[in-house]
Every structure is written in C-alpha cells, then in structure tokens.
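Data block below; observations after.
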Amino acid sequence: MMTETQLLVWLRGPALQVAIAIFVVGVAVRLLEVLVLGRKADLAEARGSAVAGGMRTILMRSFPDRATLQRAAFTEITGYIFHIGFFVTLLFYAPHILLFNSALGISWPALPTPVIDATAVVTIITLVAVLIHRLTNRVMRFLSRFQDYLVWLLTILPVVTGYIAFHRIGVTPPILIAIHIISVELFLIVFPFTKLMHAFTLFMSRYYNGAIAGYRGVKS
Amino acid sequence: MSKDNTLGEILRKQGVSRRGFLKFCAATASLMALPPGMAPVIAQALEKARRPSVIWLSFQECTGCTESLTRSYSPTVEGLIFDAISLDYHHTLMAASGTAAEAAREAAMEQSYGNYILVVDGSIPTRNAGFSTIAGVSNRDMLLDTARGAAAIVAVGTCAAFGGIPHANPNPTGAVSVSDLIKDKPIINVSGCPPIPVVITGVLAHFLTFGAIPDLDSHGRPVAFYGKSIHDRCYRRPFYDRGLFAESFDDEGAKSGWCLYKLGCKGPTTYNACATTKWNEGTSFPIESGHPCLGCSEPDFWDGGGFYKAISTPTEDIGRTAVYAIGGGAAAGLALGAINRAKRNKAEKEHEQVTIDDLEKGD
Amino acid sequence: MSGLTNSEDLKVVPGEFLTGNVQPLLHEIRHAMGRLLDEGEATVIDLRSIPLAPGEEDRLLRELGRGEVAAHLSALGPSELVESRFPGVWIVTHYNSDSEVIGRFIEVCDMPGLLKAQQDDIRDGLAALEARLACSTDA
C-alpha cells in the first residue's frame, strides 16, 4: 500500500517520464509518417510563392472569416474561448511555469492567480456548453463519434481537477493533486492517437493549402 | 506520589489553589485545541482522574522527540502533565540504568497490566535484531513484550509513526513503524520531526481528561492537531492565492514574507498544527521564519521528491526523457514513413483503386 | 552574500497585503459584546487557535489597548488579566514560571472567572485563619 507521498513522487517521476515519452514518440511518428510521404510535384509553372502563401495562411487562419462566423457562430466563438482559456490556464499559472522550467529550462512571467482562477472557470463552462451543443444539435450529433466525446473528456479533466485541487474541495489534497497529475498524464498518453493531433497538424494543413494557392498566385 | 490519588488531590497537595487549577484547565483546553468553553469539563474530569502509568521506550531515534518535550521543565502545563502521569520508565531521562532500569519497567508493567500507556519514539530495525538493543534486548522484542499489557500506544515522532529517517531510501536497517509490528492495540501516531511539544502533551492530557484515545485520521494521527493541512492554516496563503511567490531565499519576495511554494514548500500536502499552534510557545514556525515546510509529519517525507523542489515540478529528468523520445520517435517515424512510401509507390504501380472501405477506415 | 553586516537586514517585513485577521476578530468581539449586553452571555476567544501573521497579535492588542483594570495573578506562574479600553473586553494572558506565554484569551464578560475567589480556596483560607486565631488565643 503506497503512501500518498510515494504516490506523488511516482507520478511526478517515472509515470511522467512514460507519459512524456509516449507523447513525444507518438507525435513524432504521426507527423513524420505524413511528412515522409512528401507531396506530388506541381508540374505547372509557378505564378507566385508557395512558401509565402503557406506562411501567410498559417497566420491568417487564426482569425475568423465572416462566412464561417455567420454559419457556425457558436462553434467558432466557444472554440476561441476554450482554446485561449485552456492555454492561459496551462501556460500562465506560476506552478505550471515551474514545471516547464524544470523540463525545458525556460521561464516566463506568470499572470496573477485570481486571473487564472477566473479563466479556468470560464474554460470549464465553455467546454460544458460545447458538449451540450454537440449533444443537442442534430448535425453535430450525427457527425460525432466515440473519439469526439473521449477527447472532450480528456481535455476538460485537467482543468476541472486542477480547479478542484487548487480550491481543495473533497478528498485529501495530496489525492486531489495526484488525480490532477493523472488526468494530465492520461491526456498526454492518448493525445497522439486522437484528433488532438490537430494541435500539430494544423500547421501542416494550413501550410499545404496556402502553398498550393500561393504557387498558383491566388489568395488562400 | 501514590497512584491512587486523583489528579485534583495531587495538585492540591502540591499547593496549587483552585484558581491555579482552573488556570491549568484553561491552558490545557487551549493545548488540546478544544474550545475555551470546555475548560469546566476538563476541570471536572481532571479532578477525578487517576495517574496513569507511562512507559516510554526509545528505539532507533535521535532523541529529538524527548528533547522537544522536555524543553521547558519548570511548572509549565507540559511539566504538570508530566507530574500528573507516572513516568515509570524512560531510559534516557531516568536516573537508573541497566538491569535496575529494566526491573523498574517490568514492575510497572506488572502493577498496571492492561492500564499503562506505552509511548514509543524511534523506528524499529528488522533486518538484524542486533542493530538496536537496550540492555541486550532487541527493540523488536522489547516492543512486542511491553505492548502486551498496554492500554494504548502513542507513537511519538515520524520515526515511530511511519519509519522516519531510518526508513528512507535505501532503509539499510529494515526500519519499520510501531503500527507495522503491533496490530492488536490502539495506536496514536503523533508524527512530526519532531512533533510540536504541546501536541504530545495534548494527547496525554486527552487520556487524563477523557480516559480514551482522541479521534484519529486515516494515518492514526489525532484529528484535533493533524486535521488541517499547513496550507489551509498558513498566514501566507493570501500570497499563494494571489500568485506572489518568493523566488529565492533572499529576494524581495522572501523579505516581504511571500509564499514559499516555489522554494519547495510542502505545506499543501502536509497535515500538522504548526501554522496555528506554532513552536516555542507560539513563537513561530518554519514558514514564518522563511523556510519552506518539509512535510515532516507525513510518511516518507525524506523521499518526497526533494525539500527544495516545488510540488508541481517533476522528480526525474524530463528533459532527458524528451530528448530520447524525440530521437526514438524520429527513427520510428522515418521508418514508418519509408514503409508508407513503399506502400504508396507499390499501389501506384499496380493501379490500385481507392474503395469506400478505405475512406471509412479509422472512423 | 555580499554586504550583509547586520542581522536587521535579514528581518522579514510583512508585505503590505497582510492577512486580514484583525478586522474580523474585532467584529467578533463586537458581536460578543452585543450578546453580553442583551443576553448576559459571556464569550471566550482562544487566540492560539487562529493563524495570526507575525505582528497581527500585536496589532490586535494595540487596537484593544488598556482600560481601567489590570489584575495580576500568581498561580502556577503569573497571569495578566487586563480590561481593554472597551469595558467588558478582557485580555487574559497566562505565563509559566519561565515567563513563556502558555495561553492568551480574549474574554467578553463582566469579569473573568479567574478573578473570583473559589469556594474551595475560601474554605481552605477560613481553616487557615481559624488556626491562626486559635494560636493567638493560646498565647
């Protein structure tokens, strides 16, 4: 029977190493699998710069376009909110920055903890709204598969368990912290096998589309 | 002093006025972390209480727990409680030694069989009985023998409660805690390295007053003192909540008394009364003096990932893991990519057609 | 560490954002005084049970100040029972014979119980006085 201290040391140690290893190997494999296939050579004459088009598209697709906003306002807006909220909570909370500093050697200023606290709440509420939309909207329900729900759960768990651990609601704090770390390690391990890969592949797909258009001299 | 006198009679004989006795009860209530309104209840109970016999066994320990307890010896509340109990055996404190001391222990056991309180500090080595002996008797044998007639056992200090520093990696002596060896007696774990002295005497006072063991948590520690974490009672908590942390031991944040989370404070995962009861009669406690909490009342705190590593940091070298993983992943990715290329080229050559099944794969 | 010649330089000065225990405690005392007036109910607050930041206890005691009565008790070491500048609010501090604080309470009552003479002690005192008088009539 492990004590709570031993459990936390194991979670912060070997378990984290395994999770990171699986995450990095998984992402590397999935990206290289595609990249190594290469693209078909475009035999037409270049009318513009592929690279410029590609880079431009990577940047510009981060902003909403009017048509999509009109047709899928809910998805667009909630998408922005929870993505930004998720990253702010992850990257600008002081104890998290310590973790990144430990692993990567770099550090950056943190935001005040009450701001992070509020952001976490907004993120959780938005993610719940997103799930409700997915369940109640006919089209969304029709398109949704098991993986969509799984990925939603894996994403919201770290935010919720982190919030609970910070505010210490429920079981003993060491267990709450342990649950939070487990949820993160679960997220990392399952990540490369799911649509969460979009976090990395989005750059590739935006670039490809932009490059194709740029090569032909049109705006993407 | 006769064991048959009640505590009230003993105090009167010592010349303590009733007023003095009431002052003693008020201070004892505070010491036991009970509300002040309980003082009259304590007064009533103590008046009628009889002096329990206490046998104190010291095993693999540094004597810090005994030191912590005997810091102030003159008639303080702690001192009085010690007078109120009959400390029949304590091989560090008692004048006798060797066979005379052991005879005293056996006599006390026989006289109060079934009723004496056994206090233990220090862990018990199990890898070799000879690692720690008293008068030629191994710790393990002495514990098992003395525990037989005990009404209850108080394991004082993290060593006795959880194994403590001898139990830390690689545990060369096979050190174990009291509760690892004794399974059939009530055990109260008063952990801490050392425990706060008033917590030790508070537990004894509880026996005197109520004749029963206090409510215990899942680690066998009295909830009255170990029910809240340091973090939940720390006066620096507002700084944590606002995200104001000391980055090093001598920066402006440290000088302003900001939260010590980044310096490795284990307050969030540690349960003890340090933040309210404090040390040295309420003078201060480690965090107030500028040092992060070590978590000394928790099991395995020595192996808890480093005293100066924040709780949110990894305990292994993650950077190195990531580098190896990138290398391995790249190799695997290139290999799989090459296989994919070969498959694609073959499919092109053989003019394979894409079917609906291919498209629905991975759904 | 460069240039540190004085231990005063190491002194921790609590940041401006202090824990706000003083204000709530004063409110608690205010409510207790109300109860004392309306229902005759006394209240005792154990200051040891509250996590006070360094300097907060001093601030609180300074706010309460001293009033008309200061009593000194010598039993098992000294004790000070001082009425604050708010009548009915007493600060009771118990020391052991090494002058170490072993308890500090704020009692909201008309008089702390320890100031009253106890029945047992009066009985003992009466016996002692009778013995003394018996001696003098013999002489």
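The values are calculated or read from the model by the stated rules, or taken from the named source; none is laboratory data. It should be emphasised that the depicted structure is a prediction, and the values quoted were computed from it without experimental measurement. A quick note on method: Cβ atoms are made from the backbone with ideal geometry, for glycine too, and the neighbour counts reach across all protein chains shown.
General observations
- Test: residue in the stretch C:53-69 that is under 13 Å from the mean Cα position of the chain (by Cα) and facing chain B (nearest Cβ under 8 Å): no
- All positions within the stretch B:33-61 that are of a type outside the set (Gly, Ala, Ser), surrounded by 19 or more Cβ atoms within 10 Å (Cβ to Cβ), farther than 30 Å from B:ASN139 by Cβ and touching a residue at least 40 places away in the same chain (Cβ under 8 Å): B:LEU34, B:ILE42, B:LEU46
- Selected residue (criterion: surrounded by the fewest Cβ atoms within 10 Å (Cβ to Cβ)) from residues of the stretch C:67-102 that are at positive phi and in contact with a Lys or Arg (Cβ under 9 Å, 6 or more places away or on another chain): C:GLY77
- Selection status of A:LEU90, under 18 Å from A:LEU202 (Cβ atoms), surrounded by 14 or more Cβ atoms within 10 Å (Cβ to Cβ), out of contact with any Phe, Trp or Tyr (no Cβ under 6 Å at 6 or more places or on another chain) and within 14 Å of chain B (Cβ to nearest Cβ): yes
- Residues that are within 8 Å of another protein chain (Cβ to nearest Cβ), under 23 Å from C:LEU115 (Cβ atoms), touching a residue at least 60 places away in the same chain (Cβ under 8 Å) and touching a strand residue (DSSP E or B) at 6+ places or on another chain (Cβ under 8 Å) do occur in the stretch C:38-46, at least one of them.
- For the stretch B:191-207, the count of residues that are within 21 Å of B:GLY267 (Cα to Cα), modelled with pLDDT of 90 or more and touching a Lys or Arg at 6+ places or on another chain (Cβ under 7 Å) is at least one.
- Residue list for the stretch B:1-32, filter: surrounded by fewer than 23 Cβ atoms within 10 Å (Cβ to Cβ) and assigned to a loop (DSSP other than H, G, I, E, B): B:MET1, B:SER2, B:LYS3, B:ASP4, B:ASN5, B:GLN14, B:GLY15, B:VAL16, B:SER17
- Scanning the stretch A:14-40 for residues being of a type outside the set (A, V, I, L, M) and at pLDDT 90 or above gives a total of 5.
- Answer residue from the stretch C:37-79, given it is touching a helix residue (DSSP H, G or I) at 6+ places or on another chain (Cβ under 7 Å) and assigned to a loop (DSSP other than H, G, I, E, B) and is nearest to B:ALA39 (Cα to Cα) among those: C:ALA42
- The residues in the stretch A:102-114 that are within 8 Å of chain B (Cβ to nearest Cβ) and on the phi < 0 side of the Ramachandran plot can be counted, and the count is 8.
- Residues considered: B:SER132, B:SER138, B:SER177, B:SER123. Of these, the only one that is among the polar types (S, T, N, Q), surrounded by 24 or more Cβ atoms within 10 Å (Cβ to Cβ) and under 25 Å from B:ALA104 (Cβ atoms) is B:SER123.
- Scanning the stretch B:36-52 for residues that are more than 7 Å from chain C (Cβ to nearest Cβ) and touching an Asp or Glu at 6+ places or on another chain (Cβ under 8 Å) yields a count of 1.
- Of the residues making up the stretch A:115-130, those that are within 13 Å of chain B (Cβ to nearest Cβ) and surrounded by 15 or more Cβ atoms within 10 Å (Cβ to Cβ) are A:VAL115, A:ILE116, A:ASP117, A:THR119.
- Subset tally (residues that are in contact with a helix residue (DSSP H, G or I) (Cβ under 8 Å, 6 or more places away or on another chain), facing chain B (nearest Cβ under 7 Å) and within 21 Å of B:GLU281 (Cβ to Cβ)) for the stretch C:80-126: 6
- Top-ranked residue of the stretch B:194-213 - restricted to ones that are in contact (Cβ under 8 Å) with a residue 60 or more places away in the chain, in a loop (DSSP other than H, G, I, E, B) and at negative phi, ranked as surrounded by the most Cβ atoms within 10 Å (Cβ to Cβ): B:PRO195
- Lone qualifier among A:ARG30, A:ARG71, A:ARG39 - being of a type in the set (D, E, K, R) and surrounded by 19 or more Cβ atoms within 10 Å (Cβ to Cβ): A:ARG30
- Within the stretch A:12-23, the set of residues being surrounded by fewer than 22 Cβ atoms within 10 Å (Cβ to Cβ) and more than 7 Å from every other protein chain (Cβ to nearest Cβ) comprises A:ALA15, A:VAL18, A:ILE22, A:PHE23.
- Of residues in the stretch C:92-114 being outside any strand (DSSP E or B) and of a type in the set (Ser, Thr, Tyr), the one nearest to the chain's Cα centre (by Cα): C:SER99
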